[in-house]
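Trainee: Sharing a structure, written as structure tokens. Questions coming.
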Ligand code: PGA
Ligand code: ZN
């Protein structure tokens, strides 16, 4: 028995940022050290994701997690107690085998990912290192380029507009600290513009302003004005990043827009996005087409991949095999990494490594349902992902992650290096 031998695994019900039940797991080692993690939850989920186990029935809209917790406190605890927390890959493989389903539906994706992350935290605690350092070992790390939401939309705002995330990126900032400072100014300016227009109606699920717009372009124009109002240069200093989350409104090559009820074919959808790319300094675009639209992705990537990051979220579901296939098919140039989409820490890391091998941009990402858990902030630095997407610049489940990266930047001191432009996988920068 070593200091890092697992003594207890305990699951408890806590509540997420939407006030819904979720799974927290605490792993205690024989040394008395422990690690803890909370499962997040998505709203716009890809069909290939690990599946959360929810109770159904009437309590809390059927979203309770008592069965998932029983699995943690029963089968999972039984399989992990006595194992060495440092054997992350072997422990994750055991969790996958114990579940036995392709999508984690028996024990629950929520039970498994919270356990996997709690084991990681416990192992880092045993090594007496912060998690990011434990993950990085002696390898150099960089502070991620943040992608920060200004307006929410899509499934996170009752489909008020089609696009799910209107975000900014500050690749010309000199540090992570400065990128947050610029973002704070843009967020404030956008709020002031909404207020002046009589459109300030609170915030959506991830803390971006509620999108009281008449069309998607209205949101883009307001974002441009907000950037200009801060005195920062759109394109050169601050770029736009969109998550279209097109699987939410597209299928079989048909895309139905919520605002005007129009249905676009794949080519029309690509033309619309292309017009936006020609009009606005868009540096990154996520899920521009639906997860079943492989040809659309390929076509879009051929046309715009040299001047824009094209991210697969629902399309790749943090799956290493899908990332490899995307690289050989030329469907996109970046992958979103959500640990709970993959199921375990090890699988998420494999997807990230597959992305790096392909020369893709790699973005560690939160979910729309979050908590005070800051694991992903550490993953983004410790795995040297290059980019981090957490939601907006308000609400503490979001700010907890940004603030954690500030602490890591401070701890790195003179060795702190900010990714900036180098995180983006394309060559033609906006002029
Ligand atoms: P989700 O949204 O967590 O609701 O899936 C986040 C995203 O689509 O990137
Ligand atoms: Zn997405």
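Trainee: Given the criteria touching a helix residue (DSSP H, G or I) at 6+ places or on another chain (Cβ under 8 Å), in a loop (DSSP other than H, G, I, E, B) and away from ligand 1 (no atom under 15 Å from the Cβ), does residue 404 qualify?
Mentor: Criteria not met by residue 404.
Trainee: Out of 264, 193, 273, which single residue is without any contact (Cβ under 8 Å) to a residue 40 or more places away in the chain and farther than 25 Å from residue 392 by Cβ?
Mentor: Only one candidate passes the filter, namely 264.
Trainee: Moving on to the next point. For the range 142-191, which residues satisfy the criterion of being within 18 Å of the chain's Cα centre (by Cα), part of a loop (DSSP other than H, G, I, E, B) and within 15 Å of ligand 1 (Cβ to nearest atom)?
Mentor: Across the range 142-191, the qualifying residues are 153, 157, 163, 164.
Trainee: Quick check, is residue 228 surrounded by 15 or more Cβ atoms within 10 Å (Cβ to Cβ) and over 25 Å from residue 292 (Cβ atoms)?
Mentor: Criteria not met by residue 228.
Trainee: Of (1) within 25 Å of residue 336 (Cβ to Cβ); (2) more than 16 Å from ligand 2 (Cβ to nearest atom), residue 198 satisfies all except one. Which?
Mentor: Of (1) within 25 Å of residue 336 (Cβ to Cβ); (2) more than 16 Å from ligand 2 (Cβ to nearest atom), only one is false for residue 198: (1).
Trainee: Confirm whether residue 101 is without any contact (Cβ under 8 Å) to a residue 24 or more places away in the chain and assigned to a loop (DSSP other than H, G, I, E, B).
Mentor: yes
To keep it simple, each residue is scored yes or no on (1) within 16 Å of ligand 2 (Cβ to nearest atom); (2) in a loop (DSSP other than H, G, I, E, B); (3) farther than 17 Å from residue 312 by Cα; (4) modelled with pLDDT of 95 or more.
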residue: 227; (1), (2), (3), (4): no, no, yes, yes
residue: 239; (1), (2), (3), (4): no, no, yes, yes
residue: 259; (1), (2), (3), (4): no, yes, yes, no
residue: 289; (1), (2), (3), (4): yes, yes, no, yes
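Trainee: Within the range 291-300, is there a residue that is closer than 23 Å to residue 186 by Cβ, buried (at least 16 other Cβ atoms within 10 Å of the Cβ) and touching a residue at least 24 places away in the same chain (Cβ under 8 Å)?
Mentor: The answer is no, given that none of the residues of the range 291-300 is closer than 23 Å to residue 186 by Cβ, buried (at least 16 other Cβ atoms within 10 Å of the Cβ) and touching a residue at least 24 places away in the same chain (Cβ under 8 Å).
Trainee: Pick out the one residue from 139, 159 that is touching a residue at least 40 places away in the same chain (Cβ under 8 Å), out of contact with any helix residue (DSSP H, G or I) (no Cβ under 7 Å at 6 or more places or on another chain), more than 24 Å from residue 342 (Cα to Cα) and within 16 Å of ligand 2 (Cβ to nearest atom).
Mentor: 159
Trainee: Let me ask you something else. What is the residue count in the range 274-284 for residues that are touching a helix residue (DSSP H, G or I) at 6+ places or on another chain (Cβ under 7 Å) and either buried (at least 23 other Cβ atoms within 10 Å of the Cβ) or in a strand (DSSP E or B) (or both)?
Mentor: 1
Trainee: State the number of residues belonging to the range 353-392 that are more than 24 Å from residue 320 (Cβ to Cβ) and either away from ligand 1 (no atom under 16 Å from the Cβ) or in a strand (DSSP E or B) (or both).
Mentor: Count: 5.
Trainee: For the range 17-41, what are the residues that are surrounded by 23 or more Cβ atoms within 10 Å (Cβ to Cβ) and either closer than 17 Å to residue 155 by Cβ or within 16 Å of ligand 2 (Cβ to nearest atom) (or both)?
Mentor: Correct list: 17, 40, 41.
Trainee: Also: Please state which one of 343, 355 is farther than 21 Å from residue 165 by Cα, at pLDDT 95 or above and within 16 Å of ligand 2 (Cβ to nearest atom).
Mentor: So the residue among 343, 355 that is farther than 21 Å from residue 165 by Cα, at pLDDT 95 or above and within 16 Å of ligand 2 (Cβ to nearest atom) is 355.
Trainee: When residues of the range 42-79 are filtered for being touching a helix residue (DSSP H, G or I) at 6+ places or on another chain (Cβ under 7 Å) and within 16 Å of ligand 2 (Cβ to nearest atom), how many remain?
Mentor: Number of matching residues: 5.
The values are calculated or read from the model by the stated rules, or taken from the named source; none is laboratory data. Remember, it's a predicted structure, so these values are computed and weren't measured experimentally. Glycine also receives a Cβ, built like all others from the backbone with ideal geometry; neighbour counts cover every protein chain displayed.
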